[in-house]
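Inspection log for the structure reproduced underneath, given as structure tokens.
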Amino acid sequence: MHFRCIRLIQLVGSHAVIPSKQLPRQRLSQMNSARSLYSTSSLGFRNKQNLCNMRYQLQKSFNYTSNVMFLLFFNSLKNIPEVLKRHSVKIVQNCVQSCEYVLAHRIRRSHQMLCLYSTLWGEIPLYQFVRRLKAQLQKRKHLLLLGSGFVSAYDWNKERIPDEDILKYSAEMSLVEFLRDKRKACLKGNSRPADCTCSVCSATDSDSLYAEWQSFVEEDDIVVWKREDINHRGQGLYCYKMYARYGDVTAYDFLEAQVDLEYRQSWDTHAVDLRLIDSEPATNSDVIYWETKWPKLFSNRDYVFKRRYRIDKKRNLIYLVNRITEHPSCPVVPSKQRVSEYWSYMIIKPQTTFDKPGIEFSLTYFDNPGLNVPSSLTFWVTVSGMPDYLKKLRLAALGVAKRRGNAPSPLASRDSSVCAVEAAMTLAHVQQVSSTATLLESLRATLFLF
């Protein structure tokens, strides 16, 4: 290689033309004479041949150089694993130092921001700022979804089922008793006695809800009534009310068999998917995704609903209320039919106490499946589906007692009275504020080391 480069320099130097300081006219005449001599003499022919040889040598040396560079590069690639293995400790140390530097820089910046805002505002204004930020994120929940528990995308203050909507069902068992006894006696044979002055006989369909409930199914311990929904007059959509009485089930077990979603999936054969999406333990409120199995000719229905239950020891009642809602983590799936109209409420009344066997309950619900369902299918679901579901629920409640044994129910320690719920919500608010202050102090103490 070295010999070829020297030879190439000699060839180029022997044929190099060194310009002289001449006038332009003299230089032009010399170039014309040299051109004529080159075309006619043998010296010009030899110069031409030497130039061709020089070009060939240049191309050959370039090809040789490129081959050598490729071999060197290929050998270096082969040696990369060995080099990494030999210097692995130093490489890891350098990477760790770089990561520590970047992390320390980010933590310092965060600490500076926290100190600045806590100095300007204090903990309480900072908490108010976080709440305003949470409200802004709620407005833009279709663009931004946060899975953090500190800033939740679901506004419980707005979406929680209020206490007033739960307590208005306190007289539900009186209504059921009226429908079972007085209505059955007064409207025997669908005829209205002329001398009867009860609220059923004296009321019309427009000013009384008692007269609109019609007996639909009666078997054993289960009675079902139906009533056309007031928001869907003439569309064939009905509300259903069911009443049953079980002497071998406690109120706590009956409630636990429904609110324990993992256990419910083991006995509810119609639940394809049932999972918890969000919750607020202070008020016994949850957001649940529920997919139900439909016949093969129909697509499955799925629900996203909020649920809240209350154990009212003063009135000796348990309330379980469900309502449809929307949650950003459960978008509509094209392969399933999302139900947009659904509500239900159940009132459980123990015969003695909540932990003793013997209950009676009333379940009222409305469900708009989103299409014109044949009346035969609706009749089949109501006549066979709901009583079958209640029978499975009864067996599941008995299974709760067997699974727990002699241990007390975990629901017994949850006091859901109005005062208790308000105290729990206030305590949760104070804990959230104190957790914010504790977080600031811990960050200050920890990040001071940097």
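The figures follow:
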| quantity | calculated |
| --- | --- |
| Subset of K313/K336; K241/K313; K293/K313; K158/K356; K168/K336 violating a 30 Å alpha-carbon distance limit | K313/K336; K293/K313; K158/K356; K168/K336 |
| Under 5 Å, built H, 5+ apart or other chain: amide partners of E341 | N368 |
| With all protein chains modelled, accessible area of Y342 [1.4 Å, Å²] | 30 Å² |
| Per-residue HN-Hα couplings for segment 385-394 [Karplus 6.51, -1.76, 1.60; θ = phi - 60°; Hz; x = Gly/Pro] | x, 5, x, 5, 5, 5, 5, 5, 5, 5 |
| Phi to ³J(HN,Hα) by Karplus 6.51 cos²θ - 1.76 cosθ + 1.60 over segment 321-332, Hz, x for Gly, Pro | 10, 10, 9, 6, 8, 10, 9, x, 7, 10, x, 6 |
| Amide H within-cut-off set for G358, under 5 Å, with H built and near neighbours excluded | D248, V249, T250 |
| Ranked order, K349, K336, K78 - accessible area, probe 1.4 Å, largest first | K78, K349, K336 |
| Estimated translational D of segment 220-296 in µm²/s (Stokes, Kirkwood radius over Cα pairs; 37 °C; 0.692 mPa s) | 210 µm²/s |
| Residues with amide H under 5 Å from that of T325, placed H, sequence gap 5 or more | V304, F305, K306 |
| Positive minus negative residues near Y101 (Lys, Arg vs Asp, Glu; Cβ under 15 Å) | +2 |
| Per-residue HN-Hα couplings for segment 162-173 [Karplus 6.51, -1.76, 1.60; θ = phi - 60°; Hz; x = Gly/Pro] | x, 5, 5, 5, 8, 6, 5, 8, 5, 8, 5, 5 |
| In Å², nearest 10: area of W294 left accessible to a 1.4 Å probe | 60 Å² |
| Exposure rank, largest accessible area first [Y289, Y389; 1.4 Å] | Y389, Y289 |
| Rounded to the nearest 10 Å², the accessible area of L71 at probe 1.4 Å | 100 Å² |
| Accessible surface, 1.4 Å probe, highest first, among residues D260, D312 | D260, D312 |
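The values are calculated or read from the model by the stated rules, or taken from the named source; none is laboratory data. Bear in mind the structure is a predicted one, so any value in this text is a computation, not a measurement. Positions of Cβ are generated from backbone atoms using ideal geometry, with glycine treated the same way; all protein chains shown enter the neighbour counts. Only protein heavy atoms, including side chains, enter the accessible area calculation; ligands, DNA and RNA are left aside. Shrake-Rupley method; radii C 1.70, N 1.55, O 1.52, S 1.80 Å.
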